[in-house]
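**Student:** Would you mind keeping the following structure in view while I ask a few things?
The values are calculated or read from the model by the stated rules, or taken from the named source; none is laboratory data. As the structure is a computational prediction, the values presented were derived from the model and not from experiment. Cβ coordinates were reconstructed from backbone atoms using ideal geometry, including for glycine residues, and neighbour counts include every protein chain displayed.
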Amino acid sequence: MNRNDQPTPRSFLSIAGDVLILIAVLLLIYFAYLTTRPVLVAIVLAAALASLATRFFAWMVRRLHGRRRLAALLSVLLLFVGVLAPFGFLGTVYGTRLLDRLPEESFRRWFKIGITVLALGLMWEGLESWLF
């Protein structure tokens with residue numbers, strides 16, 4: 001191998017610039033994570049629902065002869081009415097039945113415990129984002 005075939009060494013400033021760019025990108029990714037952390041679960045669940053509904057949407061587009069906007073509207077309406085609304089209804093029915101069977105004193109105690117746990121969790125998240 002000739003001496004001319006070897007790459008020229010990079011200067012210190014070039015390497016330092018690349019390292020600073022890498023650090024800046026990593027910081028941006030971290031701040032993006034901190035920004036989306038409160039809604040990250042909702043984003044992941046929405047992405048999962050969207051990926052599950054892709055085949056249904058493609059089928060709707062074929063049935064509607066390529067009318068994508070109409071297929072999108074009908075897909076959203078049918079998924080809401082067919083999936084989300086029944087779960088909301090069932091949650092309401094069974095939640096109401098549970099509350100009817102639960103004594104008032106027990107409900108008040110568990111409600112206070114639940115609210116306290118939620119408040120402590122919010123306080124911890126606030127302290128964690130402030131300290132770390």
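**Student:** Inspect segment 90-113 for any residue being within 17 Å of ALA46 (Cβ to Cβ), small (Gly, Ala, Ser) and in a helix (DSSP H, G or I) and give the result as yes or no.
**Tutor:** Scanning segment 90-113, I find no residue that is within 17 Å of ALA46 (Cβ to Cβ), small (Gly, Ala, Ser) and in a helix (DSSP H, G or I), so the answer is no.
**Student:** Let me ask something else about it. Does ALA46 meet the test of being at pLDDT below 90 and surrounded by 10 or more Cβ atoms within 10 Å (Cβ to Cβ)?
**Tutor:** Criteria met by ALA46.
**Student:** Looking at segment 55-76, which of the residues that are charged (D, E, K, R) and part of a helix (DSSP H, G or I) is modelled with the lowest pLDDT?
**Tutor:** Among those that are charged (D, E, K, R) and part of a helix (DSSP H, G or I), it is ARG55.
**Student:** Of everything in segment 1-54 that's in a helix (DSSP H, G or I) and of a type in the set (S, T, N, Q), which residue is farthest from GLY82 (Cα to Cα)?
**Tutor:** ASN4
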